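Enquirer: My structure is below; once you've seen it, I'll send some questions.
The values are calculated or read from the model by the stated rules, or taken from the named source; none is laboratory data. Treat the numbers as computed from the prediction; the structure is a model and nothing was measured. No Cβ is skipped: glycine too gets one built from the backbone with ideal geometry, and neighbour counts run over all protein chains shown. Accessible surface areas use protein heavy atoms only, side chains included; no ligands, DNA or RNA. Shrake-Rupley method; radii C 1.70, N 1.55, O 1.52, S 1.80 Å.
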Amino acid sequence: MKAPKFNYVKAESRSHALQLLDELGEDGRIIAGGQSLMPTLNMRLSQPDTLIDINKIPDLGGITLDGNIVRIGALTRHVEVANSPVVAEHLPLIAEAMPHVAHHAVRNRGTIGGSVALADPAAEMPACVLALGGTMVVESVNGSREIAAEDYFHGLYETARETNELLVELRIPAKKTGDISVFMELAQRHGDYAMAGLACVARINGNAFEGLRLVYFGSEDKPTLASKAVSAVIGQAWSEECKEAATKALEDDLDPMANLQGSSAMKLHLQKVLTGRALDTAIERAEAA
Amino acid sequence: MSEATMEISLSVNGEQVARTVPVRQHLVDFLRTEMGLTGSHLGCEHGVCGACSVRVDGAVVRGCLMLAVQADGAEVVTVEGLTQTGEVADLQENFVNRNAMQCGYCTPGMLITASELLRDPKPVTRAEIRDHLSGNFCRCTGYHAIVDAVEMTLNKRLEEG
Ligand SMILES: Cc1cc2nc3c(=O)[nH]c(=O)nc-3n(C[C@H](O)[C@H](O)[C@H](O)COP(=O)(O)OP(=O)(O)OC[C@H]3O[C@@H](n4cnc5c(N)ncnc54)[C@H](O)[C@@H]3O)c2cc1C
Ligand code: FES
Ligand code: FES
């Protein structure tokens, strides 16, 4: 189908975009890579009055290491994140996840800020940002504020960002020596949204987990930190029994939404299988390190 | 709401063009209806099939997920452009040799997407070729012959250096 009629403004600078967002309110809609917004326009699932194109704003993209924080501009394309040596070295979780984000041509245009702004519950980047304890920086005509990932994702496509705010940057703590990360997902076709998936960051001593963050996506209405499964694992020697206990505890952490790809029970099963595999892999990686 | 329009100027297959277009028109509708370049196909118009793939400023993108006004100032290359320059002549020949097209609907998108792998050829596995083409649907061939054609072309280019 063809997109409905709308007006279009190219934002020349950040301040121009913020001004437009403020003036247009609910009638304005940012377009970044367009890889999620354009399908909804073409299918007439959304009908914004005015598109605010942020693609030509000069200082909204790029990746830099600032002390022990990796700063990623909202307009940084998926492909740039995937090819970034800074990301490979300091955010290996994101480097491992990026090939799962859509397909080649979509990654050439889609942006990490768009992913995090959209907050699709099956998307990889929101889960990684939450697992790594990242922070979102948003700006409006009234100034800027930082929102921790834990407070940012509210639900199905809902975030703490206000309509007059532009997401400008992600700030993500760089990997510390000894941190182990594992990313896993199951999708119907390579590059499709996940049917089940998890982002895991761990600290391992011998064969026991000392610290662990498990974030699940593709099952709840937002990326979800599991606490029960983690409690079942922390401080225990990793074993088949421990794995059993963790996957059992996961039943109290998750209540997956059924969709066309699978029932709630099937998704829970897949998340349990992935949990076992991811924690095994974490132990292997710690041994190899 | 009246139809909002905007003037754009861009390079299409090496030729500089200027047009006034509806702001809601996507790039492939512009190429097909304004420029008469019907090599870029529309399958799904929501980013899933890859039939609409075009090259914009050197990178392959979904032509149905980019507005024509966003291509203002850009360099756009379609399958017609790739054919004219001979950049994928060997790949096209191998598509014929390997019978890698049947109805041909997906073929322009496949050629453009594969051209990214071939431009700066590095040894890759068949799995990597499949991964690279994973965003392009073909309803006829079952992909095997397409992967063959890309692999043959790549190996030949590597051999010839
Ligand atoms: C076939 C296909 C498969 C895909 N598979 C996956 C997948 O497996 N995993 C995945 O994560 N994604 C997938 N995607 C989506 C893709 O990753 C998108 O690039 C991403 O979700 C949105 O980024 P964008 O820059 O394209 O945003 P847009 O589409 O431009 O915008 C998305 C939303 O975010 C808002 N927005 C964008 N940028 C900002 C900003 N800086 N500040 C405030 N609001 C903003 C927009 O207003 C809009 O509501 C897929 C897309 C396609 C077409
Ligand atoms: S028509 Fe663009 S991806 Fe299908
Ligand atoms: S040859 Fe018919 S869709 Fe590919």
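Enquirer: Could you list, in sequence order, all residues of region A:20-43 that are more than 8 Å from ligand 1 (Cβ to nearest atom) and either open to solvent by less than 10 Å² (accessible area, probe 1.4 Å) or among the hydrophobic types (A, V, I, L, M, F, W, C) (or both)?
Expert: A:LEU20, A:LEU21, A:LEU24, A:LEU41, A:ASN42, A:MET43
Enquirer: Among the residues of region A:153-168, which ones are crowded, with 21+ Cβ neighbours inside 10 Å and touching a residue at least 60 places away in the same chain (Cβ under 8 Å)?
Expert: A:PHE153, A:GLU165, A:LEU166, A:LEU167, A:VAL168
Enquirer: Just need a number here: residues in region B:86-108 that are out of contact with any helix residue (DSSP H, G or I) (no Cβ under 8 Å at 6 or more places or on another chain) and touching a residue at least 60 places away in the same chain (Cβ under 8 Å).
Expert: Number of matching residues: 2.
Enquirer: Let me confirm something: among A:VAL9, A:VAL70, A:VAL86, A:VAL106, which residue is β-branched (Val, Ile, Thr), in contact with a His (Cβ under 8 Å, 6 or more places away or on another chain) and open to solvent by 10 Å² or more (accessible area, probe 1.4 Å)?
Expert: A:VAL106
Enquirer: With within 16 Å of ligand 1 (Cβ to nearest atom), in contact (Cβ under 8 Å) with a residue 40 or more places away in the chain and open to solvent by 10 Å² or more (accessible area, probe 1.4 Å) as the only criterion, which of B:ARG24, B:ARG55 stands out?
Expert: On the way: B:ARG55 fails: within 16 Å of ligand 1 (Cβ to nearest atom).
Criteria check complete, one pass: B:ARG24.
Enquirer: Here is a follow-up. Of the numbered conditions (1) assigned to a loop (DSSP other than H, G, I, E, B); (2) within 21 Å of A:PRO39 (Cβ to Cβ); (3) more than 15 Å from ligand 1 (Cβ to nearest atom); (4) within 14 Å of chain A (Cβ to nearest Cβ), B:TYR105 satisfies every one except a single condition; which is it?
Expert: Tallying (1) assigned to a loop (DSSP other than H, G, I, E, B); (2) within 21 Å of A:PRO39 (Cβ to Cβ); (3) more than 15 Å from ligand 1 (Cβ to nearest atom); (4) within 14 Å of chain A (Cβ to nearest Cβ), B:TYR105 fails exactly one: (4).
Enquirer: Could you tell me which of the residues A:PRO99, A:PRO121 is away from ligand 2 (no atom under 16 Å from the Cβ) and part of a loop (DSSP other than H, G, I, E, B)?
Expert: Testing whether each residue is away from ligand 2 (no atom under 16 Å from the Cβ) and part of a loop (DSSP other than H, G, I, E, B) leaves just A:PRO121.
Enquirer: So, in region B:38-66, exactly how many residues are of a type in the set (A, V, I, L, M, F, W, C), more than 7 Å from every other protein chain (Cβ to nearest Cβ) and either out of contact with any Ser or Thr (no Cβ under 6 Å at 6 or more places or on another chain) or over 19 Å from B:ASN136 (Cβ atoms) (or both)? Steps first, answer last, please.
Expert: Step one: list which residues in region B:38-66 are of a type in the set (A, V, I, L, M, F, W, C), which gives B:42, B:44, B:48-49, B:51-52, B:54, B:56, B:59-61, B:64-66.
Next, from what is left, pick out any that are more than 7 Å from every other protein chain (Cβ to nearest Cβ): B:42, B:44, B:48-49, B:51-52, B:54, B:56.
Checking which are either out of contact with any Ser or Thr (no Cβ under 6 Å at 6 or more places or on another chain) or over 19 Å from B:ASN136 (Cβ atoms) (or both) leaves us with B:42, B:44, B:48-49, B:51, B:56.
Within region B:38-66, residues that are of a type in the set (A, V, I, L, M, F, W, C), more than 7 Å from every other protein chain (Cβ to nearest Cβ) and either out of contact with any Ser or Thr (no Cβ under 6 Å at 6 or more places or on another chain) or over 19 Å from B:ASN136 (Cβ atoms) (or both) number 6.
Enquirer: Hey, among A:ARG189, A:ARG213, which residue is more than 16 Å from ligand 2 (Cβ to nearest atom), open to solvent by 30 Å² or more (accessible area, probe 1.4 Å) and not assigned by TED's automatic domain parsing to the domain that holds A:ASP49?
Expert: Step by step, each of A:ARG189, A:ARG213 is checked, and only A:ARG213 is more than 16 Å from ligand 2 (Cβ to nearest atom), open to solvent by 30 Å² or more (accessible area, probe 1.4 Å) and not assigned by TED's automatic domain parsing to the domain that holds A:ASP49.
Enquirer: Which condition from (1) touching a residue at least 12 places away in the same chain (Cβ under 8 Å); (2) in contact with a Ser or Thr (Cβ under 9 Å, 6 or more places away or on another chain) is the one that A:GLU220 breaks?
Expert: A:GLU220 satisfies every listed condition except (2).
Enquirer: If you don't mind, there's one more thing I want to ask. B:ARG32 - would you say it is at pLDDT 95 or above, open to solvent by 20 Å² or more (accessible area, probe 1.4 Å) and either assigned to a strand (DSSP E or B) or within 21 Å of A:ASP53 (Cα to Cα) (or both)?
Expert: No, not satisfied.
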